[in-house]
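The values are calculated or read from the model by the stated rules, or taken from the named source; none is laboratory data. Note that the structure is a prediction, hence the values are computed from the model and not measured. FYI the Cβ positions are ideal-geometry reconstructions off the backbone, even for glycines, and counts take in every protein chain you see.
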Amino acid sequence: MLFDFGKFADITASVFPGGPYTLDEALGVFRYYFEQYEAHTGRPHPPICASQIVRIIRDMPWIEQADRGSAYADIPLESYPPMIDQHFQTRYRRCDYNINHFFSGRIRELRFYETCY
């Protein structure tokens, strides 16, 4: 992987907010996403700032924001690889496939229902 995942993992560990997923589990989702990004675009994912990392980790376990903070995740970890794969197969208008896009609006929700139901 061209993306400096070691540096990213260090930053993520320093800002990890906790939640239903452990640090290693959240990093696994990030790693898979960044690997797929490189496979589909041919370049490393652009760096994301610490506040974006925290927001993504806080959103990662849930589809519904009303459930956010619950002890139980809406999205099982094993659902992420097929959701991410589906994301990269989906054609969007004006999309650079940045992880922030995947975690915005209803993108993950739609990919979840497409792949898990």
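Remarks
- Scanning the range 9-55 for residues being hydroxyl-bearing (Ser, Thr, Tyr) and exposed (fewer than 14 other Cβ atoms within 10 Å of the Cβ) gives a total of 4.
- Among the residues here, Asp4 qualifies as of a type outside the set (Val, Ile, Thr) and surrounded by fewer than 16 Cβ atoms within 10 Å (Cβ to Cβ).
- Which listed residue, of Phe88, Phe8, is in a helix (DSSP H, G or I), closer than 23 Å to Tyr117 by Cα and among the hydrophobic types (A, V, I, L, M, F, W, C): Phe88
- Search result, residues across the range 50-77 that are of a type in the set (A, V, I, L, M, F, W, C) and at pLDDT below 65: Ala66, Ala71
- In the range 86-117, the residues that are among the charged types (D, E, K, R), surrounded by fewer than 16 Cβ atoms within 10 Å (Cβ to Cβ) and touching a helix residue (DSSP H, G or I) at 6+ places or on another chain (Cβ under 7 Å): Glu114
- Hits in the range 81-110 - residues which are aromatic (Phe, Trp, Tyr) and over 21 Å from Pro47 (Cβ atoms): Tyr92
- Looking only at the range 45-65, residues that are assigned to a helix (DSSP H, G or I) and among the aliphatic types (A, V, I, L, M) come to 5 in all.
- Tyr97 being assigned to a loop (DSSP other than H, G, I, E, B) and modelled with pLDDT of 95 or more: yes
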